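A short worksheet on the structure shown next.
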Amino acid sequence: MADHVDRLLEGDRRSAAKLITLIENELPEKEEIIRRIYPHTGKAHVIGVTGSPGAGKSSLIDRLVGTLRSEDLRVGVIAVDPSSPFSGGALLGDRIRMQEHALDRKVFIRSMGTRGTLGGLSRATKDVVKILDAYGSDVILIETVGVGQTELDIMHYADSTVVVLSPGAGDRIQAMKAGIMEIADLFVINKCDTADVTRIKNDIENMIDLSPLAKNWRPPVLKTSAFTGDGIGGLWDKLKEHKNYKNSCGSSATDSHKLKSELLEIMNGKVMARLNTGALSNGKMDEIIDSVLERRIDPYTAADTLLEKLICFREGA
Amino acid sequence: MAKKIRVLVAKPGLDGHDRGARVIARGLRDAGMEVVYTGLHQTPEQIVEAAIQEDVDVVGLSVLSGAQMTIFPRICELLKENGAEDIMVIGGGTVPADDVKELKNGGWAKEIFTPGTTLETIVEWINSNVNTD
């Protein structure tokens, strides 16, 4: 394992790939890996790309990778597709659109299944970003699954969030709804070669006019065509602008907010793990369940009692 | 979390018939595997690079073009050059029995599934040949 971390830091792609697998599979070595690579992270510009299925996220990323490579930037791509709730399997097909970069050693593309997570990404995504960051990526592009209106995890993962829409994606009422329309740092109307996108652009601009959040940074509404390549350069310019904006306004507040949510998530996971590995299985759980069944105590009191035991568990209580 | 079997399904070379590959990809998905599908017209170099970055356990090549005696050895060679010869190579398609024998004897393919093979057979084969510890 130590070897893989050393080789990752030297930029070895096989080690990067192996470490990502380890993290995805939640092996016990995971925490040690993160501990060792963490000092080498925090350099990459992390860009989230989200939008409905078929909006053109993968093709847009493919084009964007081309632009980034023309500036000789090293790029990591994490492409998330849904895992089946029935079989647990997944068809990871985002890579099809990106295969032209397969032989470029400065591009690393990894496909992931959501493996039961509901927010549009997988649980491992945050740590996989760290791997690609330590690997030396200048820019990391995260493609979410094709989302509906409320898969919003990406906002906690990315420095800049791009919401990709396509022409005909709904009227001005759709644009006013809460959820995905609120998390964009940039809007992209893709496939603008196929239709007149003036109306949808106007709808979104009107929505932003009414948005209380748009004080210091007004999300630009850009037109692109991943098919012709139109507007991709402009998208990258705006992404750089957004990063500068974030740097200029001292991003520490948003950073500590993000970190807080990450820590809560980790603690949540650890508590669940401790529950599942049987901290409460030594008869106490059954005892309390019996009390609830017999109506001697209520479920909330029972949960409090169990939680107290769980927290004391480390000290051997 | 238990290890998931990851499979790369690829169509190497100038062969545009990918229905078979898509049926297999779908079948493996339904058997609980994570299937990376790279699409048509892939060079051996592209396939090997994708296999490495995706850290797959198995590369499944769909070949209906008759180019199997070139493609399988080339992919194995490239995997070896990149220190990734632990990734298993299997194939499927219209491969004559003599070629199947030669590919397996030469170590170019661990198994070749020819027309008529059921999905169950392939899933079972992968499950019992990939180390899931």
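The values are calculated or read from the model by the stated rules, or taken from the named source; none is laboratory data. Keep in mind the model is a prediction, meaning the values are calculated, not measured. Backbone-built Cβ (ideal geometry, glycine too); neighbour counts: all protein chains shown.
Summary of computed values
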quantity: Entirely in segment A:1-48, the helices (runs of 4 or more DSSP H) that have 2 or more residues that are within 14 Å of chain B (Cβ to nearest Cβ) and either touching an Asp or Glu at 6+ places or on another chain (Cβ under 7 Å) or surrounded by fewer than 16 Cβ atoms within 10 Å (Cβ to Cβ) (or both); calculated: A:13-24
quantity: Residues being modelled with pLDDT under 95, among the aliphatic types (A, V, I, L, M) and within 18 Å of A:Lys57 (Cβ to Cβ) - total across segment A:96-118; calculated: 2
quantity: Residues of segment A:242-256 satisfying the condition of being surrounded by 12 or more Cβ atoms within 10 Å (Cβ to Cβ) and assigned to a helix (DSSP H, G or I); calculated: A:His242, A:Lys243, A:Tyr245, A:Lys246, A:Thr254, A:Asp255
quantity: Members of segment B:1-35 that are surrounded by 17 or more Cβ atoms within 10 Å (Cβ to Cβ) and β-branched (Val, Ile, Thr); calculated: B:Ile5, B:Val7, B:Val9, B:Ile24, B:Val35
quantity: From B:Val48, B:Val63, residue being closer than 23 Å to B:Trp125 by Cβ, within 11 Å of chain A (Cβ to nearest Cβ) and aliphatic (A, V, I, L, M); calculated: B:Val48
quantity: Any hit, segment B:36-44, residues being closer than 30 Å to A:Pro28 by Cβ, at pLDDT 95 or above and either surrounded by fewer than 21 Cβ atoms within 10 Å (Cβ to Cβ) or facing another protein chain (nearest Cβ under 9 Å) (or both); calculated: yes
quantity: Among the candidates A:Ile23, A:Ile47, residue that is of a type outside the set (Asp, Glu) and within 30 Å of A:Phe227 (Cα to Cα); calculated: A:Ile47
quantity: Criterion violated by B:Glu77 - all others in (1) away from every other protein chain (no Cβ under 14 Å); (2) surrounded by fewer than 15 Cβ atoms within 10 Å (Cβ to Cβ); (3) over 19 Å from A:Arg14 (Cα atoms) satisfied; calculated: (3)
